[in-house]
Structures are given as structure tokens and as C-alpha cells.
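A.B. asks: First the structure, then my questions, so here it is.
The values are calculated or read from the model by the stated rules, or taken from the named source; none is laboratory data. These numbers were taken from a predicted model, which means no experiment stands behind them. Neighbour counts run over all protein chains shown; Cβ positions are idealised from the backbone, glycine included. Quick note on the areas: whole protein, heavy atoms, side chains included, nothing else; ligands and nucleic acids left out. Shrake-Rupley method; radii C 1.70, N 1.55, O 1.52, S 1.80 Å.
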Amino acid sequence: MRNRRLVVLLVTLASSAAVLGSSANSAPEAELYWPGWRGPLMTGTAPHATPPVEWSETKNVRWKVEVPGQGSATPVVWDDRLFVLTAVPTGERAEPPASEGDLPEWRRRGGQVPDEIHRFTILALSRKDGATLWKRVLREGRPHEGTHATASWASASAATDGEVVIASFGSQGLYALTLDGELLWEKDLGDMTIKLAFGEGSSPALGKKRVFVQWDHEGESFLVALDRQTGQEVWRQAREEKTSWASPLLVEHEGRTQVITSATNQVRSYDADTGDVVWETPGMTQNAIPMPVHQDGLVFLTSGFRGNALLAIKLAEAQGDISGSPAIAWSHDRDTPYVPSPLLYGSELYLVKGNKGLLSCFDARTGEQHYGPERLADVPNVYASPMGAADRLYVAGREGTTVVIQRGPEFKILATNVLDDGFDASPVAVGAELYLRGQKYLYRISE
């Protein structure tokens, strides 16, 4: 019996090594997985992953499972499991409160009628076969306002550090759980009033000690820091901002953690310990959505609704009001993304134009444009953010096609892959696996 257990242990360890690849021996643990909305480096890159280049419904699909409900939240991955957020309609209708009759039609409906009761749910799925390991309904109720026809009531991605999972459903609450689904704490931050009832989507940022939530809407906007272990509020900073959907970015620079936020009026950095503003400058276009990215002391912020904006900011020189100062390394005012976040891969910055299948590549350090916008065949509409792995870019479209592009200063399409679904959630790469969450299915792509 003892020898049998030893054999099982060795087989298990060998399988894990195969999943993670040879880089598992030297890489920090978090870099082997996909712990948050924009990956382990928060740049959209999986530095140790080697996903396939080609796939179809009959090639390299290891498994495909239907995800209940609706959600465009990108899955997060740690160890042997994926965590997926979804809003599942129950079929039951709830009577609206009497006060709702005074609201304008756009607040009540948006793109969908929100009078159906939903179960706001987190799922833990097995990486091996897609089986549901556990499911937890965190809240059941009727959304208080509508959402855009292309959005969902589960658009924010979860975040994990291997000990806790943070799940945000915005107005439906913020939750902390163990990796086995035990609820640790929950926090109600109130009801957001979103512009044109387009729905909520900002993902939480998980630090070593705190959770940060950007709460920009048509009411009283703020950035809040909560204790990671208890959910207690540590500090809150009021923000003079209207609705944005951007997620905050945590950056370590010269011994200080900064919380960097993108929005229409001002781009701001806050001290993560105190909430004090470190630096700020006039912001993006209307409807700021893309998350900032950072590498080697440079922060990049983009937006692209009714205008175009890109700022590259040098943290070493950023203090106070930096508008027009040398802290702004370079800027750009064409072909920037509306919904997709930028991809920062090595020395290159990649941008999708608007929500279209048009890609540009810049030298991140100098702002020199290598190419673009270049058309991506068969990908006319893009909401998902591009992902980078194994010197390749993966851009998934709303019609079910994912284009794989060679990384580098020259534009080269390597493969065009089609599945029977459409993709708003962004691609995720871990080990030799690619995960694609569609409007109906979650796919594991691996050879």
C-alpha cells in the first residue's frame, strides 16, 4: 500500500510539472497562473505559458463545458482550478419598488429588462476536465437597473493570491472566499448609477494586505481600500468622476505601492497605504474602460470613445500635477482602444483600435509606431483584451474567431481559429493551456 501511494504521488507531481512547464522550477508561483483580470504581471502577458497556435471544434479542444447564466468576466486560475463569475437568471420575476416608477426609462432598462431575479454566483472548475468542484451563490436578487445589450451583470473578473478569492458583483456586493468556497467576508458598497444603465464592470485589485475598488458612477464616486482579511474599510477617497469602467492598477515603485486609476476627468495615482494622491493629470476620453498597464517604471493609459488618448508616464518623475511635464514620456491621439485593454509584451505595446479588429504596435519606451492599424482577418468586433504568450498575441473576437499573431515589430498572422461561440472575456494562458470563455461555453485548448 505504501509503494502504491508513492507511485500515485510521483505520477501526480509529474502531471503537475507537465501542466506548468519547465519554467515551474524557477518562476514565482503567481507567474505560473492567471490570478487576476490582466494576468500575473497585470500586462496581459503569461510569461511562462506555451498555449497552442491552432485549434477548432475538432482540434485541440481538450474539453468544453457550458457555463450557466451570463457573464463576460474573464476566468482566473490558480493551481488546479479556474474561478468564474456568472449571473444566473432564475425565471422568477420581482415586483419593482414603487419609487422606481419615477426613474427614467434608461435607468430601468438599459439594453435589457432587469426585473428577473438572478443568482450572483462563483464557480470553481477543474483545469483537468472542466468539472464543477464547487458552486456558491453569493447573492440572489433583482438587479436595481439595466445593463447594455452587449454587457452582463457579471462583467468584473475575480482576483486571487492562492489564499483568498475576491469576487465583485459591483452593486450586488464584494466577497472574499477561500479557494474551497468558504465565505470569509462580504461588503456592500451601495448601488451604482451607471451612465445610460450600461452596466458595471470594474474589477477589484488585490494587494498583499488590501483590496482596492474603483467606484466611478453618476453618483458619489470614490476609491476605497479594504482590509484583505476582514473586509473592513481602511480608507476612502472621494473622486470627481462620472461613470468609468476601468479597473485600478497596483504598482510597486521605489518602495511605495501606488493605486493608478484611469478616468475621464483625471488620471490619478494614490498611495496604497494612505489614499493620498501621489500624482495626477487630465484624463482620458469619455467612457474610460481600458485598464492601465505598467513595466519598468512606465505606466500606459488608453481610451477611445469619441476621441483617442494614450499617455506614457514615467513614475520616477511623477509627483503632483504632471500635466505638460517631463513625467509624460510620450503620448498618442489616434487608433486607441474603446473596450479592450492594451497589451504590454516586452518592449512592445499593442493596441486594438476602438472595438474593431485593427491592431497597432508601438515601441513602449519611445512611442515609435512599428505598424498599424493592421486588419485582423475575420475578427471585425473585439471586446476581449489581447493576451500574450510564447512570443505570440491572441486576439479573440465576438463572432468566435481568435487570431494568433507573431510578437514583434513586424505584423504577421500565424493562425486564424474558429469556435462555435463568441468571446467578450479575454483569453487566458496557463502552462500549455489556453482558456476561452464564450457567451455560452468555457473551452480548454491544449494539444
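A.B. asks: What number of residues within the stretch 38-53 satisfy the criterion of being of a type in the set (A, V, I, L, M, F, W, C) and open to solvent by 30 Å² or more (accessible area, probe 1.4 Å)?
C.D. replies: So the answer is 3.
A.B. asks: Only one of these conditions is not met by GLU254: (1) acidic (Asp, Glu); (2) in contact (Cβ under 8 Å) with a residue 60 or more places away in the chain; (3) farther than 26 Å from ILE322 by Cβ. Which number is it?
C.D. replies: Just one mismatch for GLU254, condition (3).
A.B. asks: Go through the stretch 292-303 residue by residue and tally those that are open to solvent by 10 Å² or more (accessible area, probe 1.4 Å) and in a loop (DSSP other than H, G, I, E, B).
C.D. replies: Count: 2.
A.B. asks: Next question. Pick from ILE313, ILE260: which is within 17 Å of the chain's Cα centre (by Cα) and of a type in the set (Val, Ile, Thr)?
C.D. replies: Going through ILE313, ILE260 in turn, just one is within 17 Å of the chain's Cα centre (by Cα) and of a type in the set (Val, Ile, Thr): ILE260.
A.B. asks: Something else about it: Give me the residue from the stretch 54-97 that is over 17 Å from SER157 (Cα atoms), outside any strand (DSSP E or B) and touching a Lys or Arg at 6+ places or on another chain (Cβ under 7 Å) and, out of that set, most open to solvent (accessible area, probe 1.4 Å).
C.D. replies: Checked the stretch 54-97; the qualifying residue most open to solvent (accessible area, probe 1.4 Å) is ASP80.
A.B. asks: Within the group ARG407, ARG444, ARG398, which residue is in contact (Cβ under 8 Å) with a residue 24 or more places away in the chain and under 19 Å from PRO35 (Cβ atoms)?
C.D. replies: The conditions single out ARG444.
A.B. asks: Kindly indicate whether VAL137 is outside any loop (DSSP other than H, G, I, E, B) and in contact (Cβ under 8 Å) with a residue 60 or more places away in the chain.
C.D. replies: When the stated conditions are applied, VAL137 does not pass them.
A.B. asks: Can you find a residue that is at pLDDT 95 or above, open to solvent by 40 Å² or more (accessible area, probe 1.4 Å), charged (D, E, K, R) and closer than 27 Å to ALA159 by Cα anywhere in the stretch 319-335?
C.D. replies: For the stretch 319-335, residues at pLDDT 95 or above, open to solvent by 40 Å² or more (accessible area, probe 1.4 Å), charged (D, E, K, R) and closer than 27 Å to ALA159 by Cα: absent.
A.B. asks: Of the residues in the stretch 435-447, how many are basic (Lys, Arg) and open to solvent by less than 60 Å² (accessible area, probe 1.4 Å)?
C.D. replies: Qualifying residue count for the region: 2.
A.B. asks: Would you mind listing the strands (runs of 3 or more DSSP E) fully within the stretch 385-447 where at least 2 residues are of a type in the set (Phe, Trp, Tyr) and modelled with pLDDT of 95 or more?
C.D. replies: Correct list: 441-445.
A.B. asks: Could you check the stretch 141-206 for strands (runs of 3 or more DSSP E) lying wholly inside it with 1 or more residues that are open to solvent by 10 Å² or more (accessible area, probe 1.4 Å) and touching a Gly at 6+ places or on another chain (Cβ under 8 Å)?
C.D. replies: 183-187
A.B. asks: Of the residues in the stretch 304-318, how many are assigned to a strand (DSSP E or B) and open to solvent by 40 Å² or more (accessible area, probe 1.4 Å)?
C.D. replies: Looking only at that region, the number is 2.
A.B. asks: Inside the stretch 266-291, can you point out the residues that are open to solvent by 10 Å² or more (accessible area, probe 1.4 Å), within 22 Å of the chain's Cα centre (by Cα), farther than 23 Å from ASP227 by Cα and free of Cβ contacts under 8 Å to residues at least 60 places away in the same chain?
C.D. replies: GLN266, GLY283, MET284, THR285, GLN286, listed by residue number.
A.B. asks: Let me spell it out: the conditions are (1) in a strand (DSSP E or B); (2) without any contact (Cβ under 8 Å) to a residue 40 or more places away in the chain, and LEU344 meets all of them except one. Which number is the exception?
C.D. replies: That leaves (2) as the condition not met.
A.B. asks: Further question: Give the residue that is farthest from TRP153 (Cα to Cα), with candidates limited to residues of the stretch 395-434 that are open to solvent by 20 Å² or more (accessible area, probe 1.4 Å) and under 19 Å from the mean Cα position of the chain (by Cα).
C.D. replies: ARG398
A.B. asks: While we're looking at this one, here's another question. Can you tell me which residues in the stretch 125-134 are open to solvent by 20 Å² or more (accessible area, probe 1.4 Å) and assigned to a loop (DSSP other than H, G, I, E, B)?
C.D. replies: Hits for the stretch 125-134 are LYS128, ASP129, ALA131.
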